[in-house]
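Peer 1: I have a structure I would like to understand better, so I am pasting it below and will then ask my questions one at a time.
The values are calculated or read from the model by the stated rules, or taken from the named source; none is laboratory data. What you see is a predicted model, and the numbers here were worked out from it, not measured in a lab. As a convention, Cβ positions derive from the backbone with ideal geometry for all residues, glycine included, and neighbour counts pool all protein chains shown.
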Amino acid sequence: MRQPQRLRVSYRTTLPTFLGGAGNEAEFRLTSLKGILRFWWRSLQWSSIKDSNQLLSLESKIFGSSDQQVGRSKVKMRLVNPVSPTVLSVGSVIGNGGLQGAYYLGYGKVNAFASSKSNKKAGQLEKPSLQPFEFSVEFVFSNLLSPEEVDSVRNALQMMGSAGGLGGRSRRGWGSLTITSWTEIQGEKETQILERISADPRTLFNSKLFDATQFPDWSAWHQGSRVLILECGGSKDTLHLLNEIGCEMLRYRSWGKGGEVLGNESEKRFLDDHNFFKNKRNRASLPVRAGMSYPDRVAFGLPHNYGPSKADQVEPAEEGLDRRASPLFIHIHQLDKKSIAYGVLTFLPSRFLPGNAPEVNAFGANAKIDTTVAFYKPVSDFLDRLLGTGVAGNKNQSSITATEIQHG
């Protein structure tokens with residue numbers, strides 16, 4: 001019987017992290033890390049597994065299941081040293097109230113706007129958060145796993161530290177994870193394969209990720225996936241970079257107020273979305289594109305909240321399904337505080353909702369959604385806008401520069 005292989009990986013969170021425990025307290029737990037690891041493992045399997053039952057079977061074999069015939073995880077995890085991150089309590093203010101884009105990306109965790117009525121400040125925390133911290137985890141692989149299965153976990157660990165994050169709003173950059181060291185352990189021998197993963201995340205994505213040609217049933221890598229690397233004038237401030245990305249998304253998606261968004265003229269890119277909502281609320285007689293039955297921006301994820309009542313909501317129509325997470329992942333990559341901060345935008349389009357004829361409930365009426373790749377055009381156009389290409393054009397007001405990982 002061969003010895004179990006061991007791997008020690010160190011990570012750092014580059015932004016405040018919304019991880020909650022009992023009693024609404026912020027704390028770091030390995031169970032949270034394991035859940036994210038399983039997600040990124042699934043994302044890498046589409047090129048070899050296209051059946052959900054087969055995927056579940058292999059995932060259960062590797063990571064464990066409540067099914068007694070499957071048993072415990074074949075990947076044991078151990079925190080190398082105790083971790084006691086600094087906690088920012090509810091009511092604390094991030095960024096002195098001036099980071100509107102970052103607050104927008106932290107919706108539900110961070111108060112976006114100052115309000116004298118509720119006596120809240122812009123940037124005030126609605127949930128406690130953990131300040132950026134570092135931790136190391138040792139992974140022990142059972143000898144019941146094949147070398148290919150062990151490699152699949154290793155690949156997921158790297159992807160998690162290249163494009164992922166921990167906690168609430170991690171798909172919007174908060175709680176981003178960066179790998180800082182990677183050590184292989186066999187018996188008493190330790191080999192530091194990579195003292196530090198490259199500071200530039202361009203080197204962390206290879207062409208094999210984009211091999212699969214079929215459109216996936218779950219969030220997974222395939223030929224339609226895209227990765228953009230963003231810089232902000234060589235800035236080392238991760239919160240500043242997240243804010244700039246958030247401002248660009250606000251300018252792209254928002255109609256604004258009084259013809260302006262963040263002090264600039266509104267781009268008014270989603271006129272039909274705007275008019276559709278106004279029509280449904282009977283607030284004005286405005287033209288709507290023929291055949292339109294839901295806002296185009298649902299491609300960024302659901303639900304959408306346009307007001308206080310049920311008639312102001314857009315959400316999945318299927319009972320028991322209240323949300324659909326965004327296919328666009330924002331990750332802020334930085335080895336240490338002295339290194340340049342990079343934004344990694346990963347787009348993993350897949351089947352938006354389950355079923356052959358999925359529906360959304362848009363302002364009180366059910367509507368079938370488009371199941372073709374064209375459904376995701378609003379997200380692709382946002383990426384093109386950052387690149388300054390395509391019909392979206394280059395309207396960005398920030399100092400962000402973007403390059404795309406080329407594949408195929």
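Peer 1: Specify the residue that is modelled with the lowest pLDDT; the eligible residues are those in the stretch 235-265 that are small (Gly, Ala, Ser) and within 26 Å of the chain's Cα centre (by Cα). Full working, then the answer.
Peer 2: Here is the first cut: in the stretch 235-265, the residues small (Gly, Ala, Ser) are 235, 246, 254, 256, 258-259, 263.
Those still in the list that are within 26 Å of the chain's Cα centre (by Cα) too: 235, 246, 254, 256.
Working: SER235: 93, GLY246: 97, SER254: 94, GLY256: 90.
Among residues in the stretch 235-265 that are small (Gly, Ala, Ser) and within 26 Å of the chain's Cα centre (by Cα), the one modelled with the lowest pLDDT is GLY256.
Peer 1: Looking for whichever is among the polar types (S, T, N, Q) and under 20 Å from ASP217 (Cβ atoms) here; the options are SER57, SER129. Which one fits? It would help to see each step written out before you state the result.
Peer 2: Numbers: SER129 fails: under 20 Å from ASP217 (Cβ atoms).
Exactly one residue qualifies, and that residue is SER57.
Peer 1: Considering only the stretch 161-180, I want to know if a residue exists there that is more than 26 Å from the chain's Cα centre (by Cα), part of a loop (DSSP other than H, G, I, E, B) and either closer than 22 Å to TRP221 by Cβ or not aromatic (Phe, Trp, Tyr) (or both).
Peer 2: Going residue by residue through the stretch 161-180, those that are more than 26 Å from the chain's Cα centre (by Cα) are none.
No.
Peer 1: Scan SER32, SER136, SER48 and give me the residue that is part of a strand (DSSP E or B) and polar (S, T, N, Q).
Peer 2: Details: SER32 fails: part of a strand (DSSP E or B); SER48 fails: part of a strand (DSSP E or B).
Exactly one residue qualifies, and that residue is SER136.
Peer 1: Tally the residues that are of a type in the set (A, V, I, L, M, F, W, C), assigned to a helix (DSSP H, G or I) and at pLDDT 90 or above, restricting the search to the stretch 277-313.
Peer 2: Taking the stretch 277-313 and keeping what is of a type in the set (A, V, I, L, M, F, W, C), we get 277, 284, 286, 288, 290, 292, 298-300, 302, 311.
If we keep only those that are assigned to a helix (DSSP H, G or I) too, we end up with 277, 298-300, 311.
In the following step, the residues that additionally are at pLDDT 90 or above were identified as 298-300.
Here the count works out to 3.
Peer 1: Being within 22 Å of TRP40 (Cα to Cα) and either modelled with pLDDT of 95 or more or not assigned by TED's automatic domain parsing to the domain that holds ALA26 (or both) narrows it down to one residue among LEU144, LEU99, LEU130, LEU166; which is it?
Peer 2: On the way: LEU144 fails: either modelled with pLDDT of 95 or more or not assigned by TED's automatic domain parsing to the domain that holds ALA26 (or both); LEU99 fails: within 22 Å of TRP40 (Cα to Cα); LEU130 fails: within 22 Å of TRP40 (Cα to Cα).
Matching residue, one of LEU144, LEU99, LEU130, LEU166: LEU166.
Peer 1: Another question, if that's okay. If you check ILE340 against the conditions, is it among the β-branched types (Val, Ile, Thr), in contact with a Lys or Arg (Cβ under 8 Å, 6 or more places away or on another chain) and either modelled with pLDDT under 95 or not assigned by TED's automatic domain parsing to the domain that holds PHE39 (or both)?
Peer 2: Values: among the β-branched types (Val, Ile, Thr): yes; in contact with a Lys or Arg (Cβ under 8 Å, 6 or more places away or on another chain): yes; either modelled with pLDDT under 95 or not assigned by TED's automatic domain parsing to the domain that holds PHE39 (or both): yes.
In short, yes.
Residue-by-condition table, conditions (1) in contact (Cβ under 8 Å) with a residue 40 or more places away in the chain; (2) out of contact with any strand residue (DSSP E or B) (no Cβ under 6 Å at 6 or more places or on another chain); (3) surrounded by 15 or more Cβ atoms within 10 Å (Cβ to Cβ):
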site: SER152; (1), (2), (3): yes, yes, yes
site: GLY161; (1), (2), (3): yes, no, yes
site: GLY168; (1), (2), (3): yes, no, yes
site: ARG171; (1), (2), (3): yes, no, yes
site: GLY175; (1), (2), (3): yes, no, yes
site: LYS189; (1), (2), (3): no, yes, no
site: PRO201; (1), (2), (3): yes, no, yes
site: PHE210; (1), (2), (3): yes, yes, yes
site: PRO216; (1), (2), (3): yes, yes, yes
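Peer 1: Next question, about the same structure. Please indicate, with yes or no, whether at least one residue in the stretch 358-367 is of a type in the set (A, V, I, L, M, F, W, C), surrounded by 15 or more Cβ atoms within 10 Å (Cβ to Cβ), modelled with pLDDT of 95 or more and within 25 Å of LEU230 (Cβ to Cβ).
Peer 2: No, there is no match, as no residue in the stretch 358-367 is of a type in the set (A, V, I, L, M, F, W, C), surrounded by 15 or more Cβ atoms within 10 Å (Cβ to Cβ), modelled with pLDDT of 95 or more and within 25 Å of LEU230 (Cβ to Cβ).
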